[in-house]
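The block underneath contains the structure these notes are about, expressed in structure tokens.
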There are 2 protein chains.
Amino acid sequence: MAPTTTAIQRRSEARHAYDAFLKECPTNQLLARISDKWVSLIVAALGERGGPLRYSGLTRKIPGVSQKMLTQTLRSLERDGLVSRTVTASVPVRVDYELTPLGYNLACLMTAVKDWAETHMDDVLAARAEHDSKAAVPTP
Amino acid sequence: MAPTTTAIQRRSEARHAYDAFLKECPTNQLLARISDKWVSLIVAALGERGGPLRYSGLTRKIPGVSQKMLTQTLRSLERDGLVSRTVTASVPVRVDYELTPLGYNLACLMTAVKDWAETHMDDVLAARAEHDSKAAVPTP
DNA sequence: CCGAATCCAGAAGGATACTG
DNA sequence: CAGTATCCTTCTGGATTCGG
């Protein structure tokens, strides 16, 4: 019997090979992790500050973030050794978050990306308007 | 009556202010866009190549991507003026994708981020193991 | 003040089949 | 070869509530 579904099979095999590959090669995992919206914002916020920031401070510095996402993202960043968490047991508990040296290292790149976004934003906007105007007038 | 729900209200207001802010300041939109997993991988793939790449070529170069995500992401990148799409109407249709100058510009940053991930991956892994081992032994 | 836990709507994304 | 369209599962992430 000739293999009639080779294309499908190959694709499926590629996917499973990819899944297995991820376990051995965590680079993609790490890339996916730092390619997260909240990770970018938190690391950028802590990087711009240059020093420690409290939980409530982060909430104010990143408008629109929910406690859930903030806590969740901070935990993963702490686990990955990118931020340090310091608890001061005062009457109202005080928790400070700060980038580790490794985290500051990443913050530089994040800042560069953010600067790129700010610099070339108008180019992208222009391209988007151009593209949309062409697509919107098929029969003038 | 004293305002007992100020914290909740402030948070809610912050969210709506954020939503309104996004319309006037698309920088965050753009940052979120380029902080996408598939965007990173596609831009990196095209950047490493240095030249045009066909649809099927991209499928092979990015294992695990579905046609849906590949097409969808390419469309958005084209709309944003980061990649160009060239159709050659031969017997089997041939489509080439290539980074625009703006796209190449971004690819440099993406490559830097990818390199960072590859360089500091072991540090992150070590921190992760350290963190997990501490959390896994509360009662020895 | 900092966070954990639960609920749930909606978006993301994969599998599959079909077109030109 | 290069998509498009559809279904369906998974996961994201916001709202809310409770605890230390």
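The values are calculated or read from the model by the stated rules, or taken from the named source; none is laboratory data. The structure displayed is predicted, hence computed values, not measured ones. Here the Cβ positions follow ideal geometry from the backbone for every residue, glycine too, while neighbour counts run over all protein chains shown. For accessibility, only protein heavy atoms count, side chains too; no ligands or nucleic acids. Shrake-Rupley method; radii C 1.70, N 1.55, O 1.52, S 1.80 Å.
Across the identical copies, the label point of A:GLU118 (7 Å from Cα in the Cβ direction) is separated from its matches by 3.0 nm, in order from shortest. With protein chains left intact and a 1.4 Å probe, residues in the range A:22-136 average 50 Å² of accessible area per residue. Taking 7 Å steps out from each Cα toward its Cβ at A:MET121 and A:MET69 produces label points 1.8 nm apart. Note on A:104-111: average number of Cβ atoms from other chains within 10 Å of each residue's Cβ is 3. Modelled spin labels at A:GLU48 and A:GLU130, positioned 7 Å past Cα toward Cβ, are 3.0 nm from each other.
Pair-distance distribution P(r) for the range A:22-136, from all Cα-Cα distances in 10 Å bins starting at 0: 12, 37, 28, 15, 6, 1, 0 percent. Chain A holds its axis-closest Cβ, relative to the rotation onto B, at the residue and whole-Å distance A:SER35, 2. Note on B:30-40: average number of Cβ atoms from other chains within 10 Å of each residue's Cβ is 6. Distances between equivalent label points of B:GLU130 across the copies, with each point positioned 7 Å along Cα→Cβ, amount to 4.9 nm, shortest listed first. The A-B contact accounts for approximately 4400 Å² of buried accessible area, totalled over both chains at a 1.4 Å probe radius. Listed by chain and number, the lysines whose C-alpha is less than 30 Å from the C-alpha of A:LYS134, apart from same-chain residues fewer than 8 away, are A:LYS114, B:LYS23, B:LYS37, B:LYS68. Between B:VAL93 and A:SER56, the simple spin-label model (points 7 angstrom out along Cα→Cβ) gives 5.9 nm. Calculation over all alpha carbon pairs of the range A:80-140 in 10 angstrom steps from 0 returns a P(r) of 18, 22, 20, 17, 13, 8, 2 percent.
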